[in-house]
Amino acid sequence: MPTVKPVMSQNLFLAGLSRDCQEALDPHLEIIEIRKGQPDERSYAQSEAIYFPLTGLFSVEMRLADGFSAHLALLGFRNAICGKHLTDIALPGHARAVIAGYSLKIPKDKFLDAVAAHADLQRRLQDQLIQITSLIGLGSACNLHHSLSKRLARWLLFAVDISAAKLFDLTHEELANLLGVRREAVTEAVARLAQSGAIETSRGRLAVSDQARLQSFACECHRNWASSQTALQAGANAVKFRSANPRTGEAMVASGM
């Protein structure tokens, strides 16, 4: 029986695909290192590859006319990162690494061949677009209504969930750019969280030391997001259950699973 790279299981987007689809993608995947800031906007738009993060953290951003890049959402080991030229599955903006890490990479043409051949890959891409769009909407509402301290706590909780890490190499300036506020305001908010014991900080580095305490400082947006993901997964399971063979009443099992 053909085998696939064990590292594929570290990206949940790939891990959730059928065995047939994984076997189709596997020969074309390579592991690469992603440095902070990669890919930049120009190379991202011209990219001939799709990325599946294993570690690290990516920011989805939209560049405005004055040159400012507005942070929209976070991506990590649960996601696929596709170039803007893939119009049917493009992200609403461009993605760059805010925390360095490693990623699997596949050529665009090989990925599109698999999309055309595997319905479960098409569904995964559609589900991801829905999730990211929901996350952008939630972030927009949160930014309009909640205080910076609550937003910072919420952002850090998302970063933990999306990266499966608790230590982040981020300066106050970088956090300020991601949150769209002044650096001085971020410094004050970080200091309050550090004094509470929710986080620990050193120069250019921040660690979540007490996730439950950090949750107590956050707004309800993180809890609402977690609840929506539980409901989404329940819906996906329900769809699988309804895919029963109408002749036998037995559940249909994907080939290779």
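Each value in this text was obtained by applying a stated rule to the coordinates, not by laboratory testing. Everything numeric in this text was worked out from a predicted model, so none of it was measured. Here the Cβ positions follow ideal geometry from the backbone for every residue, glycine too, while neighbour counts run over all protein chains shown.
Residues whose amide H falls under 5 Å from that of residue 218, counting only those 5 or more places apart or on a different chain, are absent, with hydrogens built in the peptide plane. With the convex hull drawn around the C-alpha atoms of segment 6-142, the volume per residue stands at 103 Å³.
Where q = 0.22, 0.25 Å⁻¹, what log10 of I(q)/I(0) comes from the Debye formula for segment 146-217, counting one point per Cα? Results for segment 146-217 at q = 0.22, 0.25 Å⁻¹ read -0.94, -1.26. How much length, in nm to one decimal, is gained on full extension between residue 192 and residue 116, taken as 0.36 nm per residue of separation minus their Cα-Cα distance? Additional length available on full extension: 22.3 nm. For residue 72, the residues whose amide H sits under 5 Å from its own are 60, 61, 62, ignoring neighbours fewer than 5 places away on the same chain, with H placed 1.01 Å from N. Cβ under 15 Å from residue 146's Cβ, residue 146 left aside: what net charge do those residues give with Lys, Arg +1 and Asp, Glu -1? Once all neighbours under 15 Å are counted, the net charge is +4. Modelled label positions at residue 184 and residue 213, each set 7 Å beyond Cα in the direction of Cβ, lie 2.8 nm from each other. Give the calculated FRET efficiency between residue 35 and residue 145 to the nearest 0.05, with a Förster radius of 30 Å applied to their Cβ-Cβ distance. Efficiency, rounded to the nearest 0.05: 0.30.
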